[in-house]
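Below you'll find the structure, written out as structure tokens, and then a few comments.
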Amino acid sequence: MLIGPPGSGKGTQAARIAERLSIPHISTGDILRAAVKAQSPLGLQVAGIMAAGGLVGDGLITDLVRDRLTVSDTRRGFILDGFPRTASQAESLDTMRPPESFLVVLIDVPDEEIVKRMSSRRVCDSCAISQTADAEAERQGCPYCGGNLLRRPDDHPDTVRRRLATYTETCSPVADYYRRRPSFAAIDGVRHADAVTADVMECVARLRRD
Ligand code: AMP
């Protein structure tokens with residue numbers, strides 16, 4: 001699993017690692033955003049919380065992940081991105097698979113860098129790729145597919161500050177929960193995305209060997 005503050009690059013890295021290892025990328029944020037877009041009962045339930053930068057309830061998100069992990073594509077492994085986000089979620093996860101089977105990589109990025117990154121993060125409304133865009137790049141549209149580049153509603157500066165505060169309060173205990181395990185590694189996320197990917201791949205290989 002990849003853990004770290006919002007905007008640390010977990011989503012980008014998780015997608016890359018999942019592709020390289022041919023295993024599914026399970027992002028709770030993506031699942032919830034798809035539900036909001038589809039206006040499903042789940043989406044209607046969580047839309048307000050997400051827009052305000054809060055966390056959806058532990059019970060709801062844990063059931064969602066538990067269900068997802070029953071799908072057969074997870075048998076050879078999977079990447080979790082955005083879950084667990086509270087100590088209670090981490091405890092629940094340990095009941096879904098043997099605790100020692102999880103490899104945990106923390107992507108470390110300081111707060112100032114997060115606020116800077118998120119204020120310029122845009123997501124394509126067509127291919128869903130996240131990217132950094134200035135005003136000109138935003139006007140030109142997605143360089144991958146030509147779609148519109150939009151700011152995620154929860155990337156507005158006030159919401160970012162709220163999400164960071166939430167992270168410090170509830171998610172830092174998640175890092176503490178795993179920190180003493182032999183299968184835990186922390187890496188510096190303030191580097192080019194390719195260097196971070198190489199580091200994550202190296203950690204995964206090392207933690208699998210140990
Ligand atoms: P993310 O894309 O991971 O930043 O998630 C976007 C939003 O989805 C978060 O700000 C939360 O509102 C919600 N969310 C995603 N994962 C979780 C989780 N594990 N627990 C609670 N809320 C979550």
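The values are calculated or read from the model by the stated rules, or taken from the named source; none is laboratory data. No experiment lies behind these values; they were computed from the predicted model shown. When we count neighbours, we look across all protein chains shown, and the Cβ atoms used for this are built from the backbone with ideal geometry, even at glycine. Note: accessible area is taken over every heavy atom of the protein model, side chains too, but ligands, DNA and RNA are not part of it. Shrake-Rupley method; radii C 1.70, N 1.55, O 1.52, S 1.80 Å.
Please state which of the following conditions Arg152 fails to meet, knowing it meets all the rest: (1) of a type in the set (D, E, K, R); (2) open to solvent by 40 Å² or more (accessible area, probe 1.4 Å); (3) closer than 19 Å to Leu32 by Cα. Tallying (1) of a type in the set (D, E, K, R); (2) open to solvent by 40 Å² or more (accessible area, probe 1.4 Å); (3) closer than 19 Å to Leu32 by Cα, Arg152 fails exactly one: (2). Taking the numbered list (1) in contact (Cβ under 8 Å) with a residue 40 or more places away in the chain; (2) open to solvent by 20 Å² or more (accessible area, probe 1.4 Å) in turn, Leu164 passes all entries but (2). Is one or more of the residues making up the range 55-71 of a type in the set (Asp, Glu) and touching a residue at least 40 places away in the same chain (Cβ under 8 Å)? No, every residue in the range 55-71 fails to be of a type in the set (Asp, Glu) and touching a residue at least 40 places away in the same chain (Cβ under 8 Å). Look at the range 49-59 and say how many of its residues are modelled with pLDDT of 95 or more and more than 8 Å from the ligand (Cβ to nearest atom). Summing the residues that are modelled with pLDDT of 95 or more and more than 8 Å from the ligand (Cβ to nearest atom) in the range 49-59 gives 1.
Do the conditions hold for Gly77, that is, is it surrounded by 14 or more Cβ atoms within 10 Å (Cβ to Cβ), among the small types (Gly, Ala, Ser) and at pLDDT 90 or above?
Details: surrounded by 14 or more Cβ atoms within 10 Å (Cβ to Cβ): yes; among the small types (Gly, Ala, Ser): yes; at pLDDT 90 or above: yes.
Judged against the criteria, Gly77 is a match.
Residues in the range 29-60 that are of a type in the set (A, V, I, L, M, F, W, C) and under 16 Å from the mean Cα position of the chain (by Cα): Ile31, Leu32, Ala34, Met50, Leu55, Val56.
Filtered by the rule that a residue be assigned to a helix (DSSP H, G or I) and surrounded by 15 or more Cβ atoms within 10 Å (Cβ to Cβ), the range 50-60 gives Met50, Asp58. Restricted to the range 5-26, and to residues there that are under 23 Å from Ser172 (Cβ atoms) and open to solvent by 10 Å² or more (accessible area, probe 1.4 Å), the residue that is nearest to the ligand (Cβ to nearest atom) is Pro6. How many of the residues in the range 105-124 are farther than 15 Å from Lys10 by Cβ and open to solvent by 70 Å² or more (accessible area, probe 1.4 Å)? Number satisfying all stated conditions: 3. The set of residues from the range 125-141 being under 28 Å from Ile49 (Cβ atoms) and open to solvent by less than 90 Å² (accessible area, probe 1.4 Å) comprises Asp125, Ser126, Cys127, Ala128, Ile129, Ser130, Gln131, Ala133, Glu138. Among the conditions (1) within 10 Å of the ligand (Cβ to nearest atom); (2) aliphatic (A, V, I, L, M); (3) surrounded by fewer than 17 Cβ atoms within 10 Å (Cβ to Cβ), the only one that Leu64 does not satisfy is (3). For Val36, the criteria (1) near the ligand (Cβ under 8 Å from one of its atoms); (2) open to solvent by 40 Å² or more (accessible area, probe 1.4 Å) hold in every case but one, which is (1). Checking each residue in the range 61-116 for being over 15 Å from the mean Cα position of the chain (by Cα) and either assigned to a strand (DSSP E or B) or under 25 Å from Arg161 (Cβ atoms) (or both) picks out Ala87, Ser88, Pro110, Asp111, Glu112, Glu113, Val115, Lys116. Of the helices (runs of 4 or more DSSP H) that lie entirely inside the range 131-203, those containing 1 or more residues that are within 16 Å of the ligand (Cβ to nearest atom) span 157-166, 172-179.
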